[in-house]
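All remarks here apply to the structure that follows.
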Amino acid sequence: MKFIFPQNYDFKNKILGVIDYSTAFINLLWYALVFLFVNAILKDLSLKVFIFVVLCFPLLLISFAGFNGENIIYVFSYLIRFLLKPKLFLYKKSN
């Protein structure tokens, strides 16, 4: 069988067709930092697991659900740019 892809089709390599490689790298980096921090500070295993899950699970959900297929690096850059220079335009309708 031959598959014909349109010229404007944007093919992105993903792990198991779900998550981008750059997003997976950012996730692993964050998980490693949280793991090292939690192990260095806390002694109780149940508290370690709780803190790790609370800090890592939201990023995992955002990575899988995504923002309309947008890369997580771009999402974070947009958020940081907005936080540094917030621009909100409200227009009043005049009759």
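Structure above, values below:
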{"read-out": "Per residue accessible area of the chain, 1.4 Å probe, in Å²", "value": "93"}
{"read-out": "Length added when fully stretched, Lys87-Ile19, from 0.36 nm per residue minus Cα-Cα", "value": "21.4 nm"}
{"read-out": "Neighbour count of at most 10 Cβ within 10 Å plus DSSP loop: longest chymotrypsin sites (Phe, Trp or Tyr not before Pro)-free window in the chain", "value": "12-88"}
{"read-out": "Extension gain (nm, one decimal) between Phe67 and Leu47, 0.36 nm per residue minus Cα-Cα", "value": "4.1 nm"}
{"read-out": "Electrostatic dipole magnitude of the chain [Cβ: Lys, Arg +1; Asp, Glu -1; Cα centre; debye, to 20]", "value": "420"}
{"read-out": "Structure-derived percent of Cα pairs over 18 Å apart: which label, when the choices are (i) 64; (ii) 71; (iii) 41", "value": "(i)"}
{"read-out": "Structure-based [θ]222 nm, the chain - -39500 (n - 2.57) summed over DSSP H runs of at least 4, per residue, nearest 500", "value": "-19500 deg cm²/dmol"}
{"read-out": "Longest DSSP-loop-exposure-free segment, trypsin sites (Lys or Arg not before Pro), the chain, at most 14 other Cβ within 10 Å", "value": "44-86"}
{"read-out": "Rg over Rh, two decimals, segment 47-95 (C-alpha only, Kirkwood Rh)", "value": "1.24"}
{"read-out": "Relative contact order (percent, whole number), segment 7-95, Cα cutoff 8 Å, 6+ residue spacing", "value": "28"}
{"read-out": "Candidate residues Ser77, Ser63, Ser46, Ser94: accessible-area rank, largest first, probe 1.4 Å", "value": "Ser94, Ser46, Ser77, Ser63"}
{"read-out": "Accessible area of the chain belonging to carbon and sulfur atoms, whole % at 1.4 Å probe", "value": "70"}
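The values are calculated or read from the model by the stated rules, or taken from the named source; none is laboratory data. Note that the structure is predicted; figures quoted are calculated from it, not measured. Using ideal geometry, Cβ is built from the backbone for each residue, glycine included, and neighbour counts are taken over all protein chains shown. Each accessible area value is taken on the protein alone, full model and side chains, heavy atoms only, with ligands, DNA and RNA left out. Shrake-Rupley method; radii C 1.70, N 1.55, O 1.52, S 1.80 Å.
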